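The values are calculated or read from the model by the stated rules, or taken from the named source; none is laboratory data. Predicted, not measured: the structure shown is a model, and the values here were computed from it. Methodologically, a virtual Cβ is constructed for each residue, glycine included, from the backbone with ideal geometry; neighbour enumeration extends over all protein chains shown. We work out accessible area using only protein heavy atoms, side chains counted, and drop any ligands, DNA or RNA first. Shrake-Rupley method; radii C 1.70, N 1.55, O 1.52, S 1.80 Å.
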Amino acid sequence: IDPQLGNSGSATLRLWNVPPDTTAPITVGGSTSVSLGTPGQNGYLTFTGTAGQTLELTASNVTIGESACCSAQARLFPAGSTDPIAPTLNFGTDGKTGTWTLPSTGAYEFRIDPTGAAIGSASFALANA
């Protein structure tokens with residue numbers, strides 16, 4: 001902690017021993033659940049797809065956080081990439097569906113990232129749009 005410009009004060013910090021991120025395969029036409037029990041833990045849903053394929057990911061039965069709209073997000077990445085494919089799906093306890101078109105044939109992963117210190121679980125279904 002490095003106060004700037006002569007500022008001072010106090011802070012309470014909380015640290016978690018974060019286990020490895022969870023990884024689960026998902027197929028087009030299939031579903032899976034992800035449980036994230038420690039703040040900072042993320043989930044990865046892995047699948048293969050074809051260039052031009054348009055897919056819908058639906059989050060349901062969400063217990064992550066307390067917000068009805070935005071307790072977590074799902075972003076689509078080519079496997080191993082750090083560049084997401086738009087859009088980002090923000091979802092909460094009400095669930096939500098997002099649509100993506102794959103730019104190339106290959107392996108992909110949806111990265112499930114709870115907001116802040118949110119924990120919980122969610123079900124995900126992947127379908128052709």
Does ALA86 count as open to solvent by 60 Å² or more (accessible area, probe 1.4 Å), aliphatic (A, V, I, L, M) and assigned to a strand (DSSP E or B)? yes
Only residues that are modelled with pLDDT of 95 or more and over 13 Å from the mean Cα position of the chain (by Cα): list them for region 109-128, please. ALA125, LEU126, ALA127, ASN128
For TYR44, are the conditions met, namely being open to solvent by 20 Å² or more (accessible area, probe 1.4 Å), in a strand (DSSP E or B) and either under 18 Å from ALA127 (Cα atoms) or acidic (Asp, Glu) (or both)? yes
Filter result (under 15 Å from GLY116 (Cα atoms) and under 14 Å from the mean Cα position of the chain (by Cα)) within region 12-36: LEU36
Which of the numbered conditions does GLY80 fail, given that it passes all the others? Conditions: (1) surrounded by 14 or more Cβ atoms within 10 Å (Cβ to Cβ); (2) part of a loop (DSSP other than H, G, I, E, B). (1)
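Looking only at residues in region 89-129 that are part of a strand (DSSP E or B) and either among the acidic types (Asp, Glu) or in contact with a helix residue (DSSP H, G or I) (Cβ under 8 Å, 6 or more places away or on another chain) (or both), which one is surrounded by the fewest Cβ atoms within 10 Å (Cβ to Cβ)?
Restricting attention to region 89-129, the residues satisfying the condition of being part of a strand (DSSP E or B) are 89-91, 96-101, 106-114, 120-128.
Pick out the ones that are also either among the acidic types (Asp, Glu) or in contact with a helix residue (DSSP H, G or I) (Cβ under 8 Å, 6 or more places away or on another chain) (or both) and you get 109, 113.
Numbers: GLU109: 20, ASP113: 17.
Only one residue tops the list, namely ASP113.
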Given the condition open to solvent by less than 60 Å² (accessible area, probe 1.4 Å) and within 19 Å of ALA129 (Cα to Cα), answer yes or no: does some residue in region 63-71 qualify? no
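Would you check which residues across region 58-76 are outside any loop (DSSP other than H, G, I, E, B) and within 11 Å of the chain's Cα centre (by Cα) and list them? If you could, list the steps in order and put the result at the bottom.
Let us first name the residues in region 58-76 that are outside any loop (DSSP other than H, G, I, E, B), namely 58-60, 72-76.
Correct list: ALA59, ALA72, GLN73, ALA74, ARG75, LEU76.
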